[in-house]
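The values are calculated or read from the model by the stated rules, or taken from the named source; none is laboratory data. Nothing here was measured: the structure is a model prediction, and the numbers come from that model. Ideal geometry is used to build each Cβ from the backbone, glycine not excepted, and the neighbour counts take in all protein chains shown.
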Amino acid sequence: MKNNISRIWVSPNARLMGNRLIAKLKVRRGYGIAIYLGVDSFYTNFEAIYLWVDQKLALNQVAYLKLDTLCSAFVDELPKEMAGTID
């Protein structure tokens, strides 16, 4: 049976915006994104995104509650060859 308990705590807005970002950019499960987002590398891609979004919202909640702003900031964190084509 799958356990849905998270290993991390982030604000509800961070989880909501993180889920929207993951869906929009079609982020895959797994590992590897954390090192580019400035969080510990043992976090999964999804956990790393939630933590990164939580940090961004703490800096400027008004700006980063806009999905387009969040997507642009996220893509800017990645190496160009990883970013691919963003719709």
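Residues of the stretch 43-72 being among the aromatic types (Phe, Trp, Tyr) and closer than 16 Å to residue 9 by Cβ, which ones?
Let us first name the residues in the stretch 43-72 that are among the aromatic types (Phe, Trp, Tyr), namely 43, 46, 50, 52, 64.
Correct list: 43, 46, 50, 52.
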Within the stretch 9-28, the residues that are outside any helix (DSSP H, G or I) and surrounded by 14 or more Cβ atoms within 10 Å (Cβ to Cβ) are 10, 11, 27
Filtering the stretch 38-55 down to residues that are buried (at least 20 other Cβ atoms within 10 Å of the Cβ) and among the aliphatic types (A, V, I, L, M) yields 48, 49, 51, 53
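In this structure, does residue 31 turn out to be within 17 Å of residue 79 (Cα to Cα), touching a helix residue (DSSP H, G or I) at 6+ places or on another chain (Cβ under 7 Å), surrounded by 11 or more Cβ atoms within 10 Å (Cβ to Cβ) and hydroxyl-bearing (Ser, Thr, Tyr)?
Numbers: within 17 Å of residue 79 (Cα to Cα): yes; touching a helix residue (DSSP H, G or I) at 6+ places or on another chain (Cβ under 7 Å): yes; surrounded by 11 or more Cβ atoms within 10 Å (Cβ to Cβ): yes; hydroxyl-bearing (Ser, Thr, Tyr): yes.
Yes.
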Pairs returned, first residue in the stretch 37-48 that is in contact (Cβ under 8 Å) with a residue 24 or more places away in the chain, second residue that is buried (at least 17 other Cβ atoms within 10 Å of the Cβ) and assigned to a helix (DSSP H, G or I), beta-carbon separation under 6 angstrom, 6 or more apart or interchain, are 37/48; 37/52; 43/34
Note on the stretch 34-57: residues part of a helix (DSSP H, G or I), acidic (Asp, Glu) and either on the phi > 0 side of the Ramachandran plot or in contact with a helix residue (DSSP H, G or I) (Cβ under 7 Å, 6 or more places away or on another chain) (or both) are 54
Within the stretch 56-83, restricting to residues that are among the basic types (Lys, Arg) and at pLDDT 90 or above, the one that is surrounded by the fewest Cβ atoms within 10 Å (Cβ to Cβ) is 66
